[in-house]
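Peer 1: The structure is given below, and queries will be raised subsequently.
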Amino acid sequence: MTLELLEGSTAIARSAIAAGCRFFAGYPMSPFTGLLENMSQQMPAAGGVCLNAESEIEGVNMTLGAAAAGARAATGSCGQGIALMQEAIAEAALNETPFVVFNMARNQQDYFQSTRGGGWGDYRTITLAPKDVPEAVEHTQLLFHLADRYRAPVIFYGDPLLAQTRVGVSIEALDFGPLPPKDWVLDGTGGGTGRSRQIWTWAMGKATDPGPGPDGHWRAIADKFDAIDKVESRFEQAHVDDAETLVVAFGSAAKFVEYVVDELRADGHRIGWFRPVTLWPFPGEALAAATAGVRRVLVFELNAGQMLDDVRIHAADRSAVRFIGGVSIAESGLAYGELMDAPVIRDRILAAITGGARP
Amino acid sequence: MSVIDTSQPPSQPAKKVAEFSSPLLLGEHSLCPGCGEPVALRLLLEVLQELDIVQRTIGVVGHGCYGSFVRIMDVDVLQCLHGRAPSCATGIKRVRPDRAVFTMQGDGDMVNEGLQEVLHTAARGEKITCVLLNNGVFGDTGGQLTATTVLGQRTKTSLEGRDAEAHGHPIPVADLVAGLPGTAYVARGTVATAGSVAQTKRMLRRAFEAQLSGAGFSLVEILTMCPTGWFVPAPDGPGYLADSMEQAYPLGELTT
Ligand SMILES: Cc1ncc(C[n+]2csc(CCOP(=O)(O)OP(=O)(O)O)c2C)c(N)n1
Ligand code: SF4
Ligand SMILES: [Mg+2]
């Protein structure tokens, strides 16, 4: 395995193409812009298409069309741009069109947006939040697999550190196992056969072959997301067995927490960490088990307390949950502020251990 | 021109004057008597057959009364979000360049909700054909003012008639699109008379030919009767269209 020194955005673009992504459409917004530039530079050589969408709404709907026609397709943006895409993400969840949405977020304030969504209807979006560039490379490919497996739009939750850090990585196609045949794709050959195909959120079917209609279809979609919830949650944890204090964090923040927890353990503290790898499905059962024996559960995230809700829902004892994160944005508005720093995180953990709640 | 008195049953029930059926129709349409949209659908299906592209065509249908055609047209179809058909069609065409790709949209869908989509798609010169069914109202939601409602026209949200001061001016979208480089063929027809039906079919055919030859973007705007949304008796639809919409939106080919 040879390692190449690549910026995150380049590595993620290359990984997407290695996964078979052949259509990308996006609209610049920092720190997503680097991924768009890389896609536009790399797609032609792979025989794919990258379009400069004139808006995020157009970008996501182009992507929906490309996916409906059978391509592995993706779009991306961050924050506001992903907000503009919500109608189409919900639509794709309900009409079962698979694609990947790269949210190269500016911070961790899009947790609710990713896990609750701003679209309509009973849908969910599988969301993977890698902690560093090598994991982002793997998650990129896993997301295309999960999208196809479940015929659903899925979300990559990145950030400025993932987009802009240079890391030695190796990019090759990963095999996640067999997938169901794409026998639903609109390829244009159904016309005049009496069995023409249809992708329709209402699933009314054709006059000669009625579909389940909205009631039956949307129940089935809800059941599908229930089933995904049961089997697709992923997490990582360490030192849970002897921990009195457990720190919960996701994405890049979890990498910082991991480092600080190691330091504190070296100082003799009985402390561990828990990282939801999938933000949805949230690894609730695993968190319940991990928090069963601990005295305090500290939640560190760079927002006003969003994942906090999920931790409170699932912690063995919700009265043990304390929030030690907060909103922290760089002057530019485009990156993390001073809270994303090991000494600061260490101080907040220690303050919580010695009795304070919110520092 | 009379306005319907809805307190009484219709005094002039619609009469079926002709019967057409396409092998690409899987069932009866469920639209109002006197509606122009089913006529436009028939023309579109006939053109697909005559060009022999039925088994390599993908349609993208927006939100309006024509949305129910998805159930009866024997063509591969994506039923997309309101206004977004040209973007979805772009994605489809770019990954399947050897297919014929069309959109079916209304004035509310294309000119209100999705004006940005259609203009950008035309400017990119996407090799797709957009079919606009323009009846000057939101038919599906019950006859409210759209961006193409002509000045003076009474709708449920412009009871005294469209007034430029209060409601702004109608947008001639086909003319806008015709002015963009990247556009290969743009025309405006109607289905109000037998002669115009034949002419509109020729326009649709040329639009698909422009797409298939790779010349660029094509659009056919079809003025369609909506007696229900106009609150006129069904038989008055074509006359009302000729007196109102056709005056504001001259028929003919807009590209040379
Ligand atoms: C985002 C969104 N807004 C509003 C609607 C409601 N809606 C459904 S059909 C329609 C009217 C469409 O009018 P037009 O495209 O002119 O079609 P017509 O019914 O006149 O043929 C509207 C506003 C919708 N489906 N989606
Ligand atoms: S409301 Fe108008 S557009 Fe809709 S079916 Fe009736 S006549 Fe046709
Ligand atoms: Mg209309």
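The values are calculated or read from the model by the stated rules, or taken from the named source; none is laboratory data. Note that this is a predicted model, so its numbers are computed, not measured. Cβ: placed from backbone, ideal geometry, glycine included. Neighbour counts: every protein chain shown. With ligands, DNA and RNA removed, areas are computed over all heavy atoms of the protein, side chains included. Shrake-Rupley method; radii C 1.70, N 1.55, O 1.52, S 1.80 Å.
Peer 1: Using a 1.4 angstrom probe on heavy atoms only, work out the carbon and sulfur share of the accessible area of the range A:41-115 in %.
Peer 2: Numbers: 810 of 1620 Å².
That share works out to 50 percent.
Peer 1: So, one more: What is the helix-to-structure angle for B:194-212, meaning the angle in degrees between its Cα long axis and the longest Cα principal axis of chain B, kept from 0 to 90 and rounded to the nearest 10?
Peer 2: 30
Peer 1: Per the 1.4 Å probe, what fraction of the accessible area of the range A:235-353, in percent, lies on carbon and sulfur atoms?
Peer 2: Values: 2160 of 4680 Å².
Of all accessible area on the range A:235-353, carbon and sulfur atoms account for 46 percent.
Peer 1: Take the alpha-carbon centre of the range A:275-310, take the same for the range A:159-236, and report the distance between them in whole Å.
Peer 2: The distance from the Cα centre of the range A:275-310 to that of the range A:159-236 comes to 28 Å.
Peer 1: Calculate for chain A the 222 nm mean residue ellipticity that helices alone would give, adding -39,500 (n - 2.57) per DSSP H run of length 4 or more and normalising by residue count, nearest 500 deg cm²/dmol. Kindly include the intermediate steps, with their values, before the conclusion.
Peer 2: Values: 13 runs with 140 residues, N = 359.
Rounded to the nearest 500, the figure is -11500 deg cm²/dmol.
Peer 1: Give the angle, between 0 and 90 degrees and rounded to the nearest 10, that separates the Cα long axis of helix B:37-50 from the longest principal axis of the Cα atoms of chain B.
Peer 2: So the helix axis and the longest Cα principal axis differ by about 20 degrees.
Peer 1: Before we go on, tell me the buried accessible area for the B/A pair, both chains summed, 1.4 Å probe, in Å² to the nearest 100. Could the numbers behind the result be given before it?
Peer 2: Working: alone 11490 and 15010 Å², together 23350 Å².
So the total buried area for this chain pair works out to about 3100 Å².
Peer 1: Hey, what's the Cα Rg ratio for the range A:20-61 versus the globular rule of thumb, 2.2 N^0.38 Å? Display every interim value, and only then the final one.
Peer 2: Values: Rg = 9.8 Å, N = 42, 2.2 N^0.38 = 9.1 Å.
With N residues counted in the range A:20-61, Rg over 2.2 N^0.38 Å equals 1.07.
Peer 1: If you don't mind, there's one more thing I want to ask. Report P(r) for the range B:34-146: all Cα-Cα distances, bin width 10 Å, range 0 to the bin holding the largest distance, values in whole percent.
Peer 2: 15, 48, 32, 5
Peer 1: Which of the residues in the range A:40-89 lose at least 50 Å² of accessible area when you go from the chain alone to all protein chains together (probe 1.4 Å)?
Peer 2: Hits at the 50 Å² cut-off: A:LEU51, A:GLU54, A:GLU58, A:ASN61, A:MET62, A:ALA69, A:GLU87.
Peer 1: Could you tell me what percent of the DSSP beta bridges with both partners in the protein assembly as shown are antiparallel, to the nearest 5? Don't skip to the answer; put the middle values down first.
Peer 2: Numbers: 19 of 79 bridges.
The antiparallel fraction comes to roughly 25 percent.
Peer 1: Another question, if that's okay. Which whole number of Å³ per residue matches the convex hull of the alpha-carbon atoms in the protein assembly as shown? All intermediate terms of the calculation are to be shown ahead of the outcome.
Peer 2: Numbers: hull volume 108.1 nm³, N = 615.
Hull volume normalised by residue count: 176 Å³.
Peer 1: Evaluate Rg over Rh across chain A, taking Cα atoms for both radii and Kirkwood's formula for Rh.
Peer 2: Values: Rg = 21.1 Å, Rh = 21.1 Å.
Ratio of gyration radius to Kirkwood radius for chain A: 1.00.
Peer 1: Please determine, in degrees from 0 to 90 and to the nearest 10, the orientation of helix A:33-42 with respect to the longest principal axis defined by the Cα atoms of chain A, where the helix direction is its Cα long axis.
Peer 2: Approximately 50 degrees, to the nearest ten.
Peer 1: Right, here's the next one. In a shell of Cβ-Cβ distance under 12 Å around A:GLY194, excluding A:GLY194 itself, what net charge do Lys and Arg (+1) and Asp and Glu (-1) give? Provide the component values of the computation, followed by the final result.
Peer 2: On the way: positive: A:ARG195, A:ARG197, A:LYS206; negative: A:ASP209, B:ASP74.
For residues surrounding A:GLY194, the net value is +1.
Peer 1: Let me ask something else. For the range A:50-156, what is the convex hull volume of the alpha-carbon atoms per residue, in Å³? Numbers along the way, then the final one.
Peer 2: Values: hull volume 9.8 nm³, N = 107.
Per residue, the Cα convex hull of the range A:50-156 comes to 92 Å³.
Peer 1: Could you let me know the centre-to-centre spacing of the range B:85-150 and the range A:24-77, using Cα atoms, in angstrom?
Peer 2: 21
Peer 1: With just the Cα atoms of the range A:155-287, tell me how far they stretch along each of the three principal axes, in Å, largest first.
Peer 2: The principal-axis extents, from largest down, are 73, 35, 26 Å.
Peer 1: In square nanometres and to one decimal, what's the mean projected area of the convex hull around the Cα atoms of the range B:121-232? All intermediate terms of the calculation are to be shown ahead of the outcome.
Peer 2: Details: hull surface 30.2 nm².
Taking a quarter of the hull surface, the average projection is 7.5 nm².
Peer 1: Check the straight Cα-Cα distances from A:LYS206 and name the lysines below 22 Å, setting aside those fewer than 8 residues away within the same chain.
Peer 2: A:LYS182
Peer 1: May I have the convex hull volume per residue, in Å³, for the Cα set of the range B:30-255?
Peer 2: Numbers: hull volume 23.3 nm³, N = 226.
Roughly 103 Å³ of hull volume per residue.
Peer 1: Would you mind estimating how fast the range A:235-353 diffuses translationally, via Stokes-Einstein at 10 °C and 1.306 mPa s with the Kirkwood radius over Cα pairs, in µm²/s?
Peer 2: Values: Rh = 14.0 Å.
Rounded, D is 113 µm²/s.
Peer 1: Follow-up. Write down the accessible area per residue of chain A in Å², having rolled a 1.4 Å probe over the full set of protein chains. Don't skip to the end; give the middle numbers.
Peer 2: Working: 13450 Å² over 359 residues.
Each residue of chain A exposes 37 Å² on average to a 1.4 Å probe.
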